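Everything on this sheet refers to the single structure shown next.
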């Protein structure tokens, strides 16, 4: 069964690659389309894109920091209202949210 699954996956991969190659070939033989793509690429302002990307990452980092602070306040309040004198309640919850925030924060740098 494993071999059949691997064969099926390979066949799908080759089929997708074949479709991609056929589409690329149709475009690459058309010089007008190639010229249009080159003109479009020449008009792209990559420095502006890079600046906007940095601004977006800064906004994400700021939002995550604000979220982390809000979660800490919320969880401490929740543990306090439940009359939990033990700090382990709040610290476990805060650490789980910190881990989630760290994962999101790490993923935000994939756009760099």
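Since every read-out is calculated from the coordinates, none of them should be taken as a lab result. Nothing here was measured: the structure is a model prediction, and the numbers come from that model. Ideal geometry is used to build each Cβ from the backbone, glycine not excepted, and the neighbour counts take in all protein chains shown.
Do we have residue 62 as more than 30 Å from residue 95 (Cα to Cα) and assigned to a helix (DSSP H, G or I) here? Show your work before the answer.
Numbers: more than 30 Å from residue 95 (Cα to Cα): no; assigned to a helix (DSSP H, G or I): yes.
When the stated conditions are applied, residue 62 does not pass them.
Which residues, counting only those in the stretch 26-37, are part of a helix (DSSP H, G or I) and exposed (fewer than 10 other Cβ atoms within 10 Å of the Cβ)? Full working, then the answer.
First, pick out the residues of the stretch 26-37 that are part of a helix (DSSP H, G or I): 26-28, 31-37.
The answer is 31, 32.
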